[in-house]
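Here's the structure, in structure tokens; my notes come after.
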Amino acid sequence: MALKDIIGQENAIKILQGCIAKNRIPHALFFAGDEGIGKRLTAINFAKTLNCKNTEHRTQNTDNNNLPLGFEALRSEDSLGSGLCALGSDVIDSCDQCPSCTKIDKGNHPDVFVIGPEGDGGQIKVSVIRELEEALSYKPFEGTYKIAVIDNAEKMNQEASNAFLSTLEAPPSQSILVLISSRPDMLLGTIRSRCQRINFTPLPIDAMTNLLQENFKKLNHEQTLLISTLSGGRAGYALNEELITQRDMSFNILKLMLNRFEEELRDDSVSMEELFDWAQLWLRDMSVYKATGRADLLINRDLESDIKAIACDATLKDILKLARELYNIKINLNFNLNEKLTLNYTSLLMRKRLGKPEQINARRQ
């Protein structure tokens with residue numbers, strides 16, 4: 001795979017190709033956007049392009065004082081790169097075949113490092129950042145650049161963030177740092193301000209539907225439309241064949257939590273964050289139905305009867321209040337909340353806001 005194969009992120013790709021074309025690559029880039037939208041994939045292929053042995057360079061003249069709509073961020077005060085990136089190059093890309101590209105794909109290129117959260121706490125620790133700093137301090141061994149990709153950068157703990165900040169302030173020569181995050185607000189402002197930010201956006205429903213039809217011939221139109229909507233424009237999620245299964249599993253857990261709480265209710269295949277994400281979609285449909293009475297506006301149309309039954313006696317105010325409460329709980333999951341207590345508390349909130357379990361059971365019969 002190369003940059004040209006990444007779907008739906010044409011603006012981001014054009015910016016990166018423009019930077020390479022003008023040889024004005026910021027020492028630190030920040031890829032921001034939803035999970036599963038292609039940020040990590042783009043970072044890996046950007047690294048391949050920078051160190052590819054066969055990369056072609058062809059630059060079209062571009063007036064950086066007359067940037068097209070969507071590229072104004074290149075003049076942001078947050079950018080500490082070595083100047084504005086050129087736009088308009090549609091040729092610069094990796095060959096995807098040379099030894100350098102192959103090694104980066106396999107994760108064993110000596111000049112490309114990919115780090116992310118580790119261990120039970122799911123954090124990036126200071127020891128990992130120290131090791132990265134040492135690796136970057138040497139000249140490139142095989143490639144043109146040493147490139148570090150920090151996935152889920154918001155997971156750096158306080159010590160790691162402070163150590164990484166010193167690297168940003170005095171970056172090693174011939175090194176490029178690429179930070180990836182779906183939660184930019186959780187990253188230190190001093191780190192964000194020293195990076196050139198590139199935003200990644202969700203795919204439109206029609207583009208996602210076409211992508212699914214190309215990749216999954218067995219799906220009918222209704223199925224592809226449902227998956228496209230459930231994915232929220234995130235190609236990485238949409239191409240997961242288990243997406244509907246994960247949704248059904250999560251919704252079943254949430255429904256069971258309306259009746260009782262037991263630790264074994266949550267399957268290990270559904271993370272806490274995923275469960276709370278699906279809960280928001282579940283509550284979204286309930287609030288839409290409660291406010292309009294229109295089933296055609298539901299995202300989960302195939303679960304219309306369940307949504308109607310649960311939303312029946314709850315007020316719109318309580319549904320929206322529950323959505324805010326669960327959102328706040330999800331934000332605090334990053335502080336290593338006790339899982340059993342969190343689920344127990346969530347179960348109590350759901351019963352309080354959505355009505356008594358026996359009433360819901362009676363409506364289903």
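Here, each number is a calculation from the coordinates, and none is a lab measurement. Since this is a predicted model, take the numbers as computed values, not measurements. Glycine gets a Cβ as well: all are built from the backbone with ideal geometry, and neighbour counts include every protein chain shown.
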* Structure fact -> Amide H proximity to residue 157 below 5 Å, modelled H, separation 5+ or other chain, gives 124
* Could you go through the stretch 44-54 in sequence order and give the Karplus-derived ³J(HN,Hα) for each residue, using 6.51 cos²θ - 1.76 cosθ + 1.60 with θ = phi - 60°, rounded to whole Hz, and x for Gly and Pro? => 5, 6, 5, 4, 4, 5, 5, 10, 5, 7, 10
* To do: Give, in nm to one decimal, the length gained when the segment between residue 221 and residue 341 is fully stretched (0.36 nm per residue of separation minus the Cα-Cα distance).
  => 39.0 nm
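Assuming 0.36 nm per residue, please report the length gained on full extension of the stretch residue 296 to residue 245 beyond their Cα-Cα distance. Numbers along the way, then the final one.
Working: separation 51, 0.36 × 51 = 18.36 nm, distance 2.20 nm.
Length gained, residue 296 through residue 245: 16.2 nm.
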* Built amide H within the under 5 Å cut-off of residue 178, gap 5+ -> 29, 148, 149, 150
* Measuring from a point 7 Å past the Cα of residue 105 along Cα-to-C-beta, which residues in the stretch 31-47 have an amide N at less than 16 Å? -> 41-47
* Structure fact -> Total charge of the residues flanking residue 102 in space, meaning their Cβ is under 10 Å from its Cβ, with Lys and Arg +1 and Asp and Glu -1, is +1
* Structure fact -> Of the listed pairs 155/321; 106/217; 14/48, those with alpha carbons more than 18 Å apart are 155/321; 106/217
* How big is the charge dipole of the stretch 169-271 about its Cα centre, in debye rounded to the nearest 20, if each Lys and Arg gets +1 on its Cβ and each Asp and Glu gets -1 on its Cβ? -> 420 debye
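So which trypsin sites (Lys or Arg not before Pro) in the stretch 214-260 are both in a DSSP loop and have at most 16 other Cβ atoms within 10 Å of their Cβ? Walk me through the intermediate numbers first.
Numbers: sites: 217, 218, 234, 247, 255, 260; in loops: 217, 218, 234, 260.
Answer in residue order: 217, 218, 260.
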